[in-house]
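Visitor: Quick one: the structure is below, and I'll ask about it shortly.
The values are calculated or read from the model by the stated rules, or taken from the named source; none is laboratory data. Given the structure is predicted, the values throughout are model-derived calculations rather than measurements. Positions of Cβ are generated from backbone atoms using ideal geometry, with glycine treated the same way; all protein chains shown enter the neighbour counts. Calculation scope for accessible area: heavy atoms of the full protein, side chains included, ligands and nucleic acids excluded. Shrake-Rupley method; radii C 1.70, N 1.55, O 1.52, S 1.80 Å.
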Amino acid sequence: MRARHVAASGCLLAALSFGVAACGSDDNSGSSSTGSSGSSSGSKSLTIYSSLPLQGDSRAQSLSVVNGEKLALESQGGKVGDYTIKYVSLDDSTAAAGKWDPGATSGDARKAAQDKSTIGYLGEFNSGASAISIPILNEAGVLQVSPSNTATGLTRSLGADKGEPDKYYPSGKRTYGRVVPADHIQGAAQVSYQKDNGCKKTYLLNDKEVYGSGLVKNVVAAAKTQGLPIAGNTGIDPKAANYRSVATTIKATGADCVFFGGITDNNAVQLFKDLHAAMPTAKLFGPDGVAETAFTTKLGSSVEKVTYVTNPTLDPKLYPASGQEFFKNYKAKYGADPEAYAIYGYEAMGVMLEAIKNAGAKGNDRQAVIDAFFKIKNRESVLGTYSIDENGDTTLSDYGGDRVVDGKLVFDKVIKAQTS
């Protein structure tokens, strides 16, 4: 699969063992690659793979993202210049796990890396999954664009764990980017939203995954900057039968608000119900990891009233004309409103197609397409105008604050949370 198969195997083994990649380099230069990286298929038929959790609580959200990706490709007639683009949707979840799974994720990444026609990879949905797939695709020199990853450490060292992000890039070159603002933005937005809603002391919980634990670190940093006292910070057992003891502990601290950094699949509904039962007047906050119908439709009317969610998707009216057109076209084609991340799926595909286009005669050369992606500036998109920075991050920074009404997310306000 890769010229440096020994190093790659070591990275993959570490990734599967610890949920993250464990090797890398301090060299982030974008110079031309060797070996399988940067290779040209020499073909006019190219493949873009998508890897998302199509089983468990994330299924509805992921299918909506897939639909968004398909719409973007269809809008271009399935082609970029002389290149015909084949789209392949993969599942990085298993029925046994009921959510994304390390083995399934690495399998998806290897499949794409081994396919000579592969020019790009859209995924993963979960940041912990991308911590596994990035090194595999990085060694193969495949451009990876996520529609939804927000964990800061995937792209930057500020607020990240030791060794991040370099340990995800064993080739020493960057191959990954995202179209959604990272969690240094969401952390600031979350604290702002809590303060806006009168929180005096907040308690932090996380699901112990890369995304959840990383997000909480960003919330801690933002809380310090914005002057919001933290009553406690604890990881939960995602497989617990209930969280009554956790709720009792939090109640004793006097916290009037609770934030859960995690995903719906990790027992978020049960957690919110138990917290509300013990602390009926406390306000409960969640991140984009629960911004989906699998969470909102199961809370019940009483819990809904005290639930607040930060979500990068804004009110459709706040997007440019092309963004508003996306929502209209999506509903017309699929008969329902899109889940929160569908528009990001659309844009992830769109920006990848632009990178292929901008690579010109080298649109079938992996390194040329990667280079073109990192050079994207002032792209006018369904999300608004943005650039890709040197880390692979979008320059977009607005977050939405949402409430839950009758089982649905309802846009509340725009949260301006730009940070350095």
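Visitor: Filter segment 72-100 down to the residues that are small (Gly, Ala, Ser) and open to solvent by 20 Å² or more (accessible area, probe 1.4 Å), then identify the one that is farthest from GLY128 (Cα to Cα).
Guide: Restricting to residues being small (Gly, Ala, Ser) and open to solvent by 20 Å² or more (accessible area, probe 1.4 Å), the top hit is GLY81.
Matching residues to (1) within 21 Å of LEU353 (Cβ to Cβ); (2) crowded, with 24+ Cβ neighbours inside 10 Å; (3) modelled with pLDDT of 95 or more:
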| site | (1), (2), (3) |
| --- | --- |
| PRO102 | no, no, yes |
| ALA112 | yes, yes, yes |
| SER117 | yes, no, yes |
| GLU124 | yes, yes, yes |
| SER148 | yes, yes, yes |
| ASP161 | no, no, no |
| PRO165 | no, yes, yes |
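Visitor: Go through the residues of segment 387-395 one by one and say whether even a single one is out of contact with any Ser or Thr (no Cβ under 6 Å at 6 or more places or on another chain), aliphatic (A, V, I, L, M) and open to solvent by 20 Å² or more (accessible area, probe 1.4 Å).
Guide: Looking for residues that are out of contact with any Ser or Thr (no Cβ under 6 Å at 6 or more places or on another chain), aliphatic (A, V, I, L, M) and open to solvent by 20 Å² or more (accessible area, probe 1.4 Å), one finds none in segment 387-395, hence no.
Visitor: Additional query: Which residue is farthest from LYS283 (Cα to Cα), if the candidates are limited to segment 167-187 and must be open to solvent by 10 Å² or more (accessible area, probe 1.4 Å) and out of contact with any Cys (no Cβ under 8 Å at 6 or more places or on another chain)?
Guide: Taking the candidates together, the pick is SER171.
Visitor: Can you give me the number of residues within segment 203-214 that are assigned to a strand (DSSP E or B) and within 17 Å of GLY289 (Cβ to Cβ)?
Guide: Within segment 203-214, residues that are assigned to a strand (DSSP E or B) and within 17 Å of GLY289 (Cβ to Cβ) number 3.
Visitor: Another question about this same structure. Looking only at residues in segment 303-338 that are closer than 15 Å to SER381 by Cα, in contact (Cβ under 8 Å) with a residue 24 or more places away in the chain and among the polar types (S, T, N, Q), which one is surrounded by the fewest Cβ atoms within 10 Å (Cβ to Cβ)?
Guide: Within segment 303-338, the match that is surrounded by the fewest Cβ atoms within 10 Å (Cβ to Cβ) is SER322.
Visitor: Right, next: Mind checking whether some residue in segment 217-227 is more than 18 Å from GLY401 (Cβ to Cβ) and within 19 Å of the chain's Cα centre (by Cα)?
Guide: Scanning segment 217-227, I find at least one residue that is more than 18 Å from GLY401 (Cβ to Cβ) and within 19 Å of the chain's Cα centre (by Cα), so the answer is yes.
Visitor: Then there's this: Output the number of residues of segment 354-365 satisfying the condition of being open to solvent by 10 Å² or more (accessible area, probe 1.4 Å) and touching a strand residue (DSSP E or B) at 6+ places or on another chain (Cβ under 9 Å).
Guide: Final tally of qualifying residues: 6.
Visitor: Could you check GLU69 against (1) open to solvent by 50 Å² or more (accessible area, probe 1.4 Å); (2) part of a helix (DSSP H, G or I); (3) in contact with a Gly (Cβ under 7 Å, 6 or more places away or on another chain) and say which number it fails?
Guide: With (1) open to solvent by 50 Å² or more (accessible area, probe 1.4 Å); (2) part of a helix (DSSP H, G or I); (3) in contact with a Gly (Cβ under 7 Å, 6 or more places away or on another chain) applied to GLU69, the lone miss is (1).
Visitor: Looking at segment 101-130, I want the residues that are at negative phi and have a partner that is of a type in the set (A, V, I, L, M) and part of a strand (DSSP E or B) with Cβ atoms under 6 Å, at least 6 apart or on another chain. Which pairs are those?
Guide: As it stands, the answer is ASP108/LEU90; SER117/LEU46; ILE119/LEU46; GLY120/ILE48; GLY120/LEU143; LEU122/VAL145; PHE125/LEU52, since those pairs meet every condition given.
Visitor: Here are LYS195, LYS200: which of them is assigned to a loop (DSSP other than H, G, I, E, B) and either without any contact (Cβ under 8 Å) to a residue 60 or more places away in the chain or under 30 Å from TYR121 (Cα atoms) (or both)?
Guide: None of the others qualify; the one that does is LYS200.
Visitor: Checking the conditions here, which among LEU63, LEU46, LEU90, LEU54 is of a type in the set (A, V, I, L, M), in contact with an Asp or Glu (Cβ under 9 Å, 6 or more places away or on another chain) and either part of a strand (DSSP E or B) or at pLDDT below 95 (or both)?
Guide: Within the list LEU63, LEU46, LEU90, LEU54, the selection yields LEU90.
Visitor: Residue pairs, Cβ under 7 Å, 6 or more apart or interchain, first in segment 164-179 and closer than 16 Å to ALA129 by Cβ, second among the basic types (Lys, Arg). List them.
Guide: PRO165/ARG156
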